[in-house]
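**Student:** Pasting a structure here, questions to come.
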Amino acid sequence: MPGEATLDLLNAGLIDDPFDGDNENKQQWIGDVDWRFTCRFDWQDDGSDRHDLVAYGLDTIADIALNGRPVASTRNFHRSYRWDVRGLLRDGANELTVTFTSPVRESDHMEQARGYYPHTEHHAFNQIRKPSYSFGWDWGIDVANAGIWREIGIDSWSGVRIASVRPLVDVTADGTGLLNVHVEIERAGKGRVMSPYDSHPVRQAVPVHAEISGFGTNLSVDGVVAEGRNEAVLTIAVPEAKLWWPVGYGDQPLYDVDVTAGDAKEAFWNGHVGFRTVHVDTRADNIGRPFQIYVNDVPVHAHGYNWIPDDAFISRVSQRDYERGIRDLVESNSNMVRAWGGGIYESDEFYDLCDEYGIYLIDEANLEAHGSWSLPGDVLTEDTIVPGSKREWEGACVDRVNSMMRRDYNHPSVLIWSLGNESYVGDVFRAMYKRVHDIDPNRPVHYEGVTHNRDYDDVTDIETRMYSHADEIEKYLKDDPKKPYLSCEYMHAMGNSVGNMDEYTALERYPKYQGGFIWDFIDQAIYATQPDGTRSLRYGGDFGDRPSDYEFSGDGLLFADRTPSPKAQEVKQLYSNVHIDVTKDSVSVKNDNLFTATGDYVFVLSVLADGKPVWQSTRRFDVPAGETRTFDVAWPVAAYRADARELVLQVSQRL
C-alpha cells in the first residue's frame, strides 16, 4: 500500500499503459466493476489503551471490515479517517478488507436519485466526492479508478494523543516573533461510562509542552489542557526573529516546533514555522486607497502558475517528483502557485517544499462544481446550483475549509485561503468565509465565484477573475477599486499563447494589481506507440478522434516530458526581478529585488553574427535593490558588421 486498481493491474502486466494511445477506452471496465483489497497481518496487543485504524486516502465509495466485522463506510476521496478498532482486533492473524463500489455505477445511481446536475463528459462526476479529473474532466485521462491511494495502518496509543496543532505566528513592531500554539488532544478513555461520575477520570487535565528551536533560539513553555476541555494555547516570544520571505524577496528561515502532551510526554508532534506577517492594506492615501497584499509590510506581486496534480495516479507521485516540480517553478522565476481546488489536497511534501523554497500559496478548498450551475456558455441554471445556498451542503463545505486549515496552518508558504474553484456562490460560501476568519483572522480569503453574483462580494477579500483582458483589468484598477486584484487564472498557455503577457506584467505599475497565475505549468499529453516501436507524445485529434478538444490540454509552459517550450523563456524573462535593456552603446539594468543587489552576478555580453557567437565578454553591473542604472558598453559592432547580415547584441545574467 498505497495501491490503486489500475496501477496494480498495470504492474502485474494484466493491462497496457493507459497513457498509451486509446488504451483508456479499452479499460473503461475498470471503473464499471467493484474492487476488493484484502490484507492479512499478524498483530499482538502491546497493552496500549487504544488501537485505531487510520486511513489517509480511500478512493472513494468504500466499505471497511476487520475480521469480517464492519468498521465503517466512506464516500469521500479527499478525507482521512480514524476509527477505534480495539474491539475488533485479535491476537495473531487478522484480515482487513476494503471493498470499493464502482464509482461509475454509484455516480449514475446518485444521478437517478438526486436528479440531473449539468456536467461535461459522459460521467456524472459531480454526484460523488471523487476528483472530477479522474472521469476525464479538464485535463485527466478517463480512468474512474478505485483503491487505497494513501497510507493505511494501525495506530496504537495510550492516555492521550495530539489530534491537531495550529501554530499562529505574528511579528511585533520591535521584531519579536510571537508563536501561539493551539494544541487539540484526544483522551483514550476506557470501558463504558455507567454514570455521570464515571466520565470524570477520562476528562482529567493533561499537561502539554511546546518548544521552538533554530538560529540560536531554544525556547519552551508548559501549559495544561484543563479538565473537561480538549484544547490549550501556549505562547512563546522569540526575540529578533528571522523573517520568512517569498522567493525573490529574501530568505526562508524555518524554525522547528516540537509539541508533547501527557504526563510522560507520550504524545508528540513535530513541524516548522516561519515568522512573517500577511495582511491586506486598506489605508487611504493621497491618491485613493492602495489595497495591496503585504508580506512583512512589503507589497508582493504574484508571478504564479496553477498547480494541478502531477499524475492521474496520485499514489505513484514521489518526493522526487514534487521536488522536481518546485525546482522548475523557482527556475522559471515563479514565486507563487495556486493549489487548484479541482484536484486534490496536496501531500505534506508539497507544502514542506514550498516552505523551503519560498513559493507562496493560495491554498484552495477542494470544491469544483463547474457544470452543475451553468450550461455551456455560462448560462446560469439556478435550480441546479451546488452548493449555492442549499443548507444541506453547508456542513460538508465548512468542514472542507476547516480540515484544510487544520492541516496546513503551520506552513508559512500559505498566504491566502481560497474557498474553492468555479462553483458559483451562495450562502454556503458566506458560512465558509466566516469559518476561515474565525480560525485565522490574519490571512486574506480568495474566491472567484462572486464575479457571477455581486450580491456576495463580501465572501472574498480579493477581487479575482479568470481570463480577463488586460484593458479590462486596467479599467478596474483605475476605477477606485475596493479590493486588491489577482488573476487566479490567466494566459491559458495553449498553442501560441502568452505572446501578449507583457500587457499584464505592465499592470504591476498599479499598486492595487497583485499579479496572476498562468494556466498552467506543464502540458498534459499521452504517448502513442509508432509502427517502428518508438513512442512520442500526442494531443487530442492525433489519434483520429472526432470530436476532439485537440491541443486544449497542451496548455503548459513545459511540454509533457518537462522540456521547456519557447513560451517558458518568454515568461521567465517577464517574471524576472532583474530586467535588462540593451542599446548599441549601453546596458541598462533595473533591479526590482527588495534587498539583493546585482553585484554578485556575472553579466555575459555576447555578439551574435547571423545567429553564431563571435564575441563574448563578462562584466559586473552592481545595481542596488530597487534601482535602475545604465552602463556604457563599447560593443565591437564595427569589427563584425561587414561580414554579417544581422548582428544581435545579447546580455545574460548568471550566478
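The values are calculated or read from the model by the stated rules, or taken from the named source; none is laboratory data. As the structure is a prediction and not an experimental result, all values here were calculated from the model. Methodologically, a virtual Cβ is constructed for each residue, glycine included, from the backbone with ideal geometry; neighbour enumeration extends over all protein chains shown. Please note that ligands, DNA and RNA were not included when accessible areas were found on the heavy atoms of the full protein model with its side chains. Shrake-Rupley method; radii C 1.70, N 1.55, O 1.52, S 1.80 Å.
**Student:** For helix 427-439, what angle does its Cα long axis make with the longest principal axis of the chain, in degrees from 0 to 90 and rounded to 10?
**Tutor:** Once rounded, the angle reads 90 degrees.
**Student:** Could I ask something else about it? Calculate the spin-label point distance for Thr176 paired with Thr618, positioning each point 7 Å from the Cα along the beta-carbon direction, and give it in nanometres.
**Tutor:** Taking the two extended label points, one gets 4.8 nm.
**Student:** Could I ask something else about it? For the chain, build the charge dipole from Cβ charges (+1 Lys, Arg; -1 Asp, Glu) around the Cα centre, then report which of Ser565, Phe215, Val98 sits farthest towards its positive end.
**Tutor:** Highest projection toward the positive end goes to Phe215.
**Student:** To continue, here is another question. If amide H atoms are built 1.01 Å from N in the plane of the peptide, which residues on other chains or at least 5 residues away come under 5 Å of the amide H of Trp244?
**Tutor:** Amide H neighbours of Trp244, under 5 Å, 5+ apart: Phe275, Arg276.
**Student:** Of the labelled options (1) 1.06; (2) 1.22; (3) 1.33, which one gives Cα Rg over 2.2 N^0.38 Å as computed for this structure?
**Tutor:** The value computed from this structure is option (1).
**Student:** Any chance you could run the full-extension gain for Asn230 through Gln573? It's 0.36 nm times the residue separation minus the Cα-Cα distance, nm to one decimal.
**Tutor:** Length difference between fully extended and current span is 118.3 nm.
**Student:** With charges only on Cβ, +1 for K and R and -1 for D and E, what is the dipole size of the chain about its Cα centre, in debye, rounded to 20?
**Tutor:** So the dipole magnitude of the chain works out to roughly 760 debye.
**Student:** In addition: Could you run the Karplus curve 6.51 cos²θ - 1.76 cosθ + 1.60 with θ = phi - 60° over region 463-480 and give me ³J(HN,Hα) per residue in whole Hz, x for Gly and Pro?
**Tutor:** Residue by residue, region 463-480 yields 7, 9, 9, 10, 6, 6, 5, 4, 5, 5, 5, 4, 4, 4, 5, 8, 9, 6 Hz.
**Student:** What shape does region 462-548 take by its C-alpha gyration tensor, where a ≥ b ≥ c are the square roots of the eigenvalues and a/c under 1.5 counts as rounded, a/b above b/c as prolate, and the rest as oblate?
**Tutor:** prolate
**Student:** Okay, moving on. For the charge dipole of the chain, defined by +1 on Lys and Arg C-beta atoms and -1 on Asp and Glu C-beta atoms about the Cα centroid, which residue among Gly31, Ser487, Ser497 has the Cα displaced farthest towards the positive pole?
**Tutor:** Ser487
**Student:** Could you tell me what percent of the accessible area of the chain is made up of carbon and sulfur, with a 1.4 Å probe and every protein chain present?
**Tutor:** Ligands and nucleic acids excluded, carbon and sulfur give 47 percent.
**Student:** Okay, next question. Between Leu88, Ser315, Ser372, whose Cα lies farthest towards the positive end of the dipole of the chain when Lys and Arg beta carbons carry +1 and Asp and Glu beta carbons carry -1, centred on the Cα centre?
**Tutor:** Leu88
**Student:** Now, a different point. Place a +1 charge on the Cβ of each Lys and Arg in region 47-111 and a -1 charge on the Cβ of each Asp and Glu, then give the dipole magnitude about the Cα centre in debye, rounded to the nearest 20.
**Tutor:** Roughly 180 debye, rounded to the nearest 20.
**Student:** Moving on. Which whole-number value in Å² is the accessible area per residue of the chain, probe 1.4 Å?
**Tutor:** 46
**Student:** While we're looking at this one, here's another question. Using a Förster distance of 30 angstrom, determine the FRET efficiency expected from the C-beta separation of Ser318 and Ser548, and round it to 0.05.
**Tutor:** 0.40
**Student:** Now, a different point. Using a 1.4 angstrom probe on the protein heavy atoms only, line up Met494, Met466 by accessible area, largest first.
**Tutor:** Largest to smallest exposure gives the sequence Met494, Met466.
**Student:** What does the charge count near Val171 come to, summing +1 for each Lys or Arg and -1 for each Asp or Glu among other residues with Cβ under 10 Å from its Cβ?
**Tutor:** Here the charged neighbours net out to -2.
**Student:** For a Förster distance of 41 Å, can you work out the FRET efficiency between the beta-carbons of Asp46 and Asp108, rounded to the nearest 0.05?
**Tutor:** With R0 = 41 Å, the Cβ-Cβ based efficiency is 0.35.
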